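Notes to accompany the following structure.
The values are calculated or read from the model by the stated rules, or taken from the named source; none is laboratory data. These figures come from a predicted structure and were not determined experimentally. Every residue, glycine as well, gets a Cβ built from its backbone with ideal geometry; the counts of neighbours run over all protein chains shown.
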Amino acid sequence: VEIPSLSRVYQEFFNIGAAVNLRTIESQQNLLVKHFNSITAENDMKFIEIQPVQGQFTFEKADQLAAFAQKNGMKMRGHTLVWHNQTPDWVFQDVNGEQVDRETLLQRMKEHINAIMKRYKGTIFCWDVVNEAVTDEGPELYRATKWLDIIGEDYIEKAFEFAHQADPDALLFYNDYNESNPQKREKIYKLVKSLVDKGVPIHGVGLQAHWNLVNPSLEDIRAAIERYASLGLKLHLTELDVSVFNHEDKRTDLTEPTPEMLELQAERYYQVFHLLREYRDSITSVTFWGAADDYSWLSDFPVKARKNWPFLFDENHQPKDSFWKVVQF
Ligand code: XIL
């Protein structure tokens, strides 16, 4: 049977994206070009990759990914500008290793945002400006980070303001995980609403969507989409994968997914995409955090060296039952 293009099937609904790196744009090239019309750099546009040392910008890998997108007529999402992870220590320190002051850190944030956003202006249509600023723990809103410590709560709005100045045409997103958990959802909503109310230039909410066969529930996913959409912002699923292991599953010995896992995964993908299509007015992009089961960050997270099979395409890039469930409606 003819295998339809995933992104063509979804062209009336939303973009279909994949996170990529220099290896996968080679090894998965045909698959990417056929089924995906958007890419995100999995790591190569993060702070530590772009500016490992102050003032030394290393754009080579990011440039190659941007060129791949351009050559193949794909959109590109930018990921990410301000985050607590994969950010070098120098950002927060002076030459003596002492913590810098607020003004210095704001200046560094601005310089970094300017350098990277201006370079990819016109190629990258949207940016995850701030990633994972909300804490999962307790009643507090903000995650403890150096950005928060040194600058204060307004580090988030400053990042959006700098980003808007750097590229006024780029769509600016707040991105987070556990986005469908009701408690975290309300915190993310509160944060984003406060930004909107203050007139901060923010255009969308990114739902990372690192999900598994049962969690979060479909009801919680729906409630999260409704809640964020009520802000009048665009929604992107930015890092979708459906782990075949549920949280309590501690097995480490599987060398291939069980038939039961694949069946549950297909049913899960069917339900998820059915739901996403309902919200086509708000959801304008759905990006997977990879493309096919031969490569996923989940093969090393949260359990080291445990393979996962989270995507619509198998290790040989062939469509899984999950794929057919997503394209047949
Ligand atoms: C992950 C990458 O996939 C890994 O290769 C890297 O080692 C760690 O970061 N949330 C995010 C992404 O916003 O940037 C993370 O990507 C996955 C979780």
Practice task
For residue 156, state whether it is within 16 Å of the ligand (Cβ to nearest atom), more than 15 Å from residue 51 (Cβ to Cβ) and either surrounded by fewer than 18 Cβ atoms within 10 Å (Cβ to Cβ) or not acidic (Asp, Glu) (or both).
Solution key: yes
Completion exercise
The correct count of residues that are charged (D, E, K, R) and within 14 Å of the ligand (Cβ to nearest atom) in segment 112-133 is 2
Problem - Looking only at segment 26-43, and only at residues there that are part of a helix (DSSP H, G or I) and in contact with a strand residue (DSSP E or B) (Cβ under 8 Å, 6 or more places away or on another chain), the one that is farthest from the ligand (Cβ to nearest atom) - result: 35
Handout entry: Which listed residue is farther than 18 Å from residue 173 by Cβ, buried (at least 19 other Cβ atoms within 10 Å of the Cβ) and in contact (Cβ under 8 Å) with a residue 60 or more places away in the chain, from 293, 241
Key = 241
Exercise for the section: All but one of (1) within 15 Å of the ligand (Cβ to nearest atom); (2) surrounded by 14 or more Cβ atoms within 10 Å (Cβ to Cβ) hold for residue 257, so report the exception by its number. Expected result: (1)
Practice task
From the list 79, 84, pick out the single residue that is closer than 14 Å to residue 130 by Cβ and in a loop (DSSP other than H, G, I, E, B).
Solution key: 84
Handout entry: Given (1) over 27 Å from residue 125 (Cα atoms); (2) within 16 Å of the ligand (Cβ to nearest atom); (3) among the hydrophobic types (A, V, I, L, M, F, W, C), number of the condition residue 329 does not satisfy
Key = (2)
Problem - residue 23, sole failed condition from (1) surrounded by fewer than 20 Cβ atoms within 10 Å (Cβ to Cβ); (2) charged (D, E, K, R); (3) within 27 Å of residue 169 (Cα to Cα); (4) in contact (Cβ under 8 Å) with a residue 60 or more places away in the chain - result: (3)
Practice task
Tell me, yes or no, whether segment 179-191 has at least one residue that is within 16 Å of the ligand (Cβ to nearest atom) and polar (S, T, N, Q).
Solution key: yes
Practice task
Looking for whichever is within 16 Å of the ligand (Cβ to nearest atom) and either among the aromatic types (Phe, Trp, Tyr) or under 23 Å from residue 37 (Cβ atoms) (or both) here; the options are 210, 274. Which one fits?
Solution key: 210
Exercise for the section: Quick one: which helices (runs of 4 or more DSSP H) lie wholly within segment 94-206 and hold at least 1 residues that are under 19 Å from residue 236 (Cα atoms)? Expected result: 155-166, 182-197
Problem - Selection within segment 278-326 - within 16 Å of the ligand (Cβ to nearest atom) and aliphatic (A, V, I, L, M) - result: 286, 291, 292, 298, 303, 305
Handout entry: Pairs where the first residue, in segment 155-182, is of a type in the set (Gly, Ala, Ser) and the second is modelled with pLDDT of 95 or more and surrounded by fewer than 19 Cβ atoms within 10 Å (Cβ to Cβ), C-beta under 6 Å, 6+ apart
Key = 166/114; 166/118; 180/220
Practice task
Please work out which one of (1) over 21 Å from residue 233 (Cα atoms); (2) surrounded by 21 or more Cβ atoms within 10 Å (Cβ to Cβ) is the condition residue 91 fails and give its number.
Solution key: (2)
